[in-house]
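Report on the following structure.
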Amino acid sequence: MVNTGKPSKGCYMCRSRRIKCDEGKPSCIRCQKSKRVCPGYRDAFELNLRDETKSTKKKMSRMINHRPFVDGVSKFDAHHEIINSPDGLLMTTPITTANLSMGYLDFLIPHIKAEKPNPSFLAAFSAVALAALGTRPNSKALLPKADMAYVKALKKINCTLRDAQMASDDSMLAAVLMLSFFEQLTAPRLNPEAWSSHVDGAVALLKARGPDEFQTPTGREVWNTVRAMMAIQCIANSRRVDLGVEWWMAVPAKDGLSHQFASLNIKVADLRSDTDIVTVMPHTSKNYEAVLKLLRQAEELEREYEEWFSKLKGPWEVKSVAWIDSSEISDLTTSLVHPGKVDSYSEMWMAYHHNIGRSSRLFIWATILRCIAWLCDSRDYSLTPEYNKASQVCRQLIEDTVASVPFVFGWKKGINEFMADNSSFACGSTENPEVKSLWGIFVMWPLFAAASSDFASVSQRTFLRGRLSYISEALGIYQASVLLRFNIFFPSLYIERSRSNSRIHQCFPNKSEDEFLVASPKPVPKSMQTTSIPATTPEITFPTPMNSSPSPIQFSSPEKDPIWSNCGGANPFPVADDLGFSSDKIHELIDFTTA
């Protein structure tokens, strides 16, 4: 007799062993206990597929013959989007009305749908798609294919960027951005610094073209995406933003709040760069003025951030919807919630802005305390009024970041109406209760910043690092595993190192100015207007793969100066070697993927 009962939802291993599966995600407990590799579960569509009757064939035929078209950037006139794969398979993705309003990286769709798409972009897009699948549990066999697709994309981009006309096309920017996402997914398997290299490459392409070429709706989205990535990279590396705030803000964001938010983040990057220089200078009368000026700048920037947060009304507002008792949590490293409040947001995009803003404010307060500690010299800076205020503000910022985690990772999504995520995209669906990998990319930096703060409690730090582990292991964002290697605390670590260098300087008061300048990691910024001598100190930056040094050429003008040192005057665009696409690296990748 043919079995017509309900098909098993168990994993392939348990079904082959004919035992009951606990259906745990991402892998079942039975496989773990028996030390077997869980091969995963059947697709929901496969479970529902019974036979190939005439009615089924008719439905599939109607879906295949129904070819939607793109109107503009992100609007589709069809309920389903059908994409032909190289193997001739069909993938159907339902598109709801809500999904048509807003999204992330919408500008990629026209390049995918173009009659003659850029081969470099398609190669980069394929590499990211394979990496996104291969880094998920039970799909590691796809990673060698992703690496080979990456090699192919590098070769194509290497050739295309040598053509100035092709390099000025938006599709090349999209291709370089895709490679940066590839590195976030796969880091640090191949080149730990490649992510930062690709971001620098995208920035160089923007500089070469200038803001006037990005004033269309699609152009603004491209510009804003690169600007946001560049700001986080510079904040992480304590690096000044080339060309200044005004130049980067020449292309407006989608709304006034987002525009001001982008401007503030660029200012934070510049502030961190100045802080790493000024707060390690020896205690001389000439340097007090520079430290005081930096302190006032940090306080003013904190005031601007407070003002920005006060304007967040309507869909930007945060709502506290639940309270979690400590008795409800057995293991903080795997829990979706932390004892205390649980906040909800109208959509993930709002949660992203809130959390990035909170992490930026944590670094502003770190600058304030580093300045106070420098002014206190050897005295205890934790007894000052500034430290008391920093403790209150930073603890609240960390608590709010922790309270956002349940919403980000889908706690009670589909059960509690307040935890519903109204995020929408140009294609795809948000109805799937599983956490999107994109959310992991959005929240990595704020989680790391909050967990690394002196003001985070032990339980908060354990909880946040547990979420980073989840992002790496379950969501397949390997860049999170790099962050987990660093167990640092700020600003105390920075302050202690600065004071150690100050004591070294006091032990050798007769050393000449030149002797200290030789060991100085950075020049003193002109904005500080001081001729003092920075003491030698290791540069503490965001952990690899984001800790790349600035490009050797400073850009005073996007029209005149060469973007990279070996471009010369003939080609104003960065060549692939300078973007991390050297022939040696390609051979390394080939050796790695064929080993």
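Taken together, the values in this text are just the output of simple stated rules run on the coordinates, not laboratory data. All values reported here derive from a predicted model rather than from experimental measurement. Virtual Cβ from ideal backbone geometry, glycine too; neighbours counted across all protein chains shown.
Taking amide H as placed 1.01 Å from N in the peptide plane, the amide H of SER453 sits under 5 Å from that of PHE490, each at least 5 places away or on another chain. In sequence order, segment 223-232 has phi-based couplings of 4, 5, 5, 5, 4, 5, 5, 5, 5, 5 Hz under the Karplus curve 6.51 cos²θ - 1.76 cosθ + 1.60, θ = phi - 60°, and Gly or Pro positions carry x. Descending by average beta-carbon neighbour count within 10 Å, the peptides 201-209, 13-21, 326-334 line up as 201-209, 13-21, 326-334, the highest first. Lys-Lys pairs in segment 285-491 that are eight or more residues apart or on separate chains and whose Cα atoms lie under 30 Å of each other come to 25.
In terms of packing, defined here as the mean over residues of other Cβ atoms within 10 angstrom, the peptides 130-142, 466-478 line up highest first as 466-478, 130-142.
Whole-Hz Karplus values for segment 164-172 come out as 4, 5, 5, 5, 8, 7, 4, 5, 6 Hz, taken residue by residue from phi with 6.51 cos²θ - 1.76 cosθ + 1.60 and θ = phi - 60°; glycine and proline positions read x. Amide H contacts under 5 Å for CYS11: GLU23, restricted to partners 5 or more places along the chain or on a different chain, H placed in the peptide plane at 1.01 Å from N. The calculated pair-distance distribution of segment 285-491 uses every alpha carbon pair, bins of 5 angstrom beginning at 0, and gives 1, 7, 14, 18, 18, 15, 11, 7, 4, 2, 1, 0, 0 percent.
Taking every C-alpha pair closer than 8 Å and separated by at least 6 residues, the mean separation divided by the residue count of segment 285-491 gives a relative contact order of 23 percent. Between the amide H of LEU332 and any residue lying 5 or more places away or on another chain, no distance stays under 5 Å, with hydrogens modeled in the peptide plane. For segment 279-286, 3J(HN,Hα) computed residue by residue from phi via the Karplus equation (6.51, -1.76, 1.60; θ = phi - 60°) reads 7, 10, 6, x, 7, 10, 4, 6 Hz, glycine and proline entered as x.
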